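**Q** Quick one: this structure, given as structure tokens, is what I'll be asking you about.
Since every read-out is calculated from the coordinates, none of them should be taken as a lab result. It should be emphasised that the depicted structure is a prediction, and the values quoted were computed from it without experimental measurement. Because the Cβ atoms are built from the backbone with ideal geometry, glycine has one as well, and the counts that use them run over all protein chains shown.
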Amino acid sequence: MCKEAGLLQKLIGLCSRYGYIHPSCVLGRSGVKGCYDYGPLGTLLRRNIQNEWWTSVVSSQEDMFGIESSQVQQTSIRNTNQSENSSDDINDHRRLSVIPSSDKMQTQEENLNWTLRDSLNQGTISQYYNTLQLVSRRLPFGLAQIGQCFRRTGQSESLTDDDHDRYIFDLPEFTQMTAQFYCSPKTADRWMIDWQRDRIQWWRKFSGAPSSFQMSETKQSELLRTTDIQFQFPWGVETIERISNRGSGELERLQKETGVDFHGREGRKNVLPQVVEMVCGLERGILALLLDAYQEKERMDSKGQKINHRTVLRLHVKLAPIKVAVLPIKGTKEIIEICEYLAKELRKRSISCHRVNELGPVIGQHVARFDEMGIPFVVLLSDKTLKTGVVRMRHRDTMITQQLHITEVRETIERHLEAG
């Protein structure tokens, strides 16, 4: 994928035109600088990425549990044993620490100062002890959550104009996708390698140019081993996810502070687990996948002369906000009714669908618009459909149009989704 200087501006324009992402505003007034709102397509894209992450990290894994923690944290409780090489640095935020919830845990004074969290780290590890009880102290197991975090006051003010030029890369509010896996020190290295492999494969699966996503071991010490998954943005290489072996230091500290036994069992041995942590910034991931999907193509005739220019948002079929556009070649009442029926049947199967009733002068203009929106499939209905039930289905990436019966459309699209 080309990374020319104007690529980001072209993507920003496309996202604004088609309801992906646009600057935050209220009733036409400018919003907070550096804040963005997600339109209908952007919201669906966010949810699709989150759902795919959740399926990969939680639903398809053994002994991984989903949690949610409060956005409010105590400012008076600090992690005094924090490593400088924290995995939370992926969002350039310092961590706040909370004590795990348990009847045996220490109570705090009532008059405490509170703040909105700037990381999911402590909210996740705070549920370690309760989950340890749930699994009868058996290791390994993991916890995962997706949640909104907030840049600290002062950090937002320190953003430069260059930071704001990075679109949604650095924001005052952001979403983290975090997982912590608790395992014995003996198996921690193996689990670290397994999670590294799973995570880089996940990113590359959704990419049209898998080599754009690379792994780099950026830091290594006795306290923390870290591997970054990086993407080549227009301004340079940046980290979009960090996988770290945080060791057992945090659990040791919490065990000492609370007097609660944090040891788990692996086989016949009681061990204090090490923490393998994965931290991903959702907005950074969205921007990377949008840049990866943005393509500009030129069609040439047999003499090598340029015919037209084509912009395509080649999002993976599972991430695409809208899977299918249903388009009548003629706007007759009968064809429109069939379009409505087909769109309704697709939505019943949770296949997002965009239906067009009013046609412009050229069908190709609609199709080109759907390509820019990132819609993988366009189903075309004509007079022939009324007589034979045959429709034409065009694939965005191959530009190949196939004929099939209208009753086969849903099954064909579902096969493409499953194969993706």
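**Q** What is the sum of charges around Gly264, taking Lys and Arg as +1, Asp and Glu as -1, for the other residues whose C-beta is under 13 Å from the C-beta of Gly264?
**A** +3
**Q** If r is the Cβ-Cβ distance from Arg369 to Met215 and R0 is 35 Å, what FRET efficiency results, to the nearest 0.05?
**A** Result of the calculation: an efficiency of 0.40.
**Q** Still on this structure, please answer the following. Tell me, what HN-Hα J-couplings in whole Hz come from the Karplus equation 6.51 cos²θ - 1.76 cosθ + 1.60 at θ = phi - 60° for each residue of the range 60-66, using x for Gly and Pro?
**A** Residue by residue, the range 60-66 yields 8, 9, 7, 6, 10, 10, x Hz.
**Q** Would you mind ranking Val390, Val317 so that the residue whose beta carbon has the fewest other beta carbons within 10 Å leads the list?
**A** Val390, Val317
**Q** By count of other Cβ within 10 Å, fewest leading, how are Cys35, Cys280, Cys183 ordered?
**A** Ordered by Cβ neighbours within 10 Å, fewest first: Cys35, Cys183, Cys280.
**Q** Relative to the compact globular guide of 2.2 N^0.38 Å, what is the alpha carbon radius of gyration of the range 322-419, as a ratio?
**A** Relative to the rule-of-thumb radius for its length, the range 322-419 sits at 0.97.
**Q** Each residue of the range 335-344 in turn: what ³J(HN,Hα) in whole Hz from Karplus with 6.51, -1.76, 1.60 and θ = phi - 60°, glycine and Pro shown as x?
**A** Karplus values, whole Hz, x for Gly and Pro: 5, 4, 5, 5, 4, 4, 5, 5, 4, 5.
**Q** Which ³J(HN,Hα) values, rounded to whole Hz and listed in residue order, are derived for the range 239-252 from phi using the Karplus coefficients 6.51, -1.76 and 1.60 in 6.51 cos²θ - 1.76 cosθ + 1.60 with θ = phi - 60°, glycine and proline given as x?
**A** Calculated HN-Hα couplings, in order: 8, 10, 8, 10, 10, 9, 9, 7, x, 10, x, 5, 5, 4 Hz.
**Q** Separate question: Within a 10 angstrom radius of the beta carbon, how do Thr239, Thr115 rank from fewest other beta carbons to most?
**A** Thr115, Thr239
**Q** Which three numbers, in whole Å and largest first, are the semi-axes of the equivalent ellipsoid of the range 324-375 derived from its Cα gyration tensor as √(5λ)?
**A** 18, 16, 5
**Q** All other residues with a Cβ under 9 Å from the Cβ of Ser382 taken together, and with Lys, Arg as +1 and Asp, Glu as -1, what is their net charge?
**A** +2
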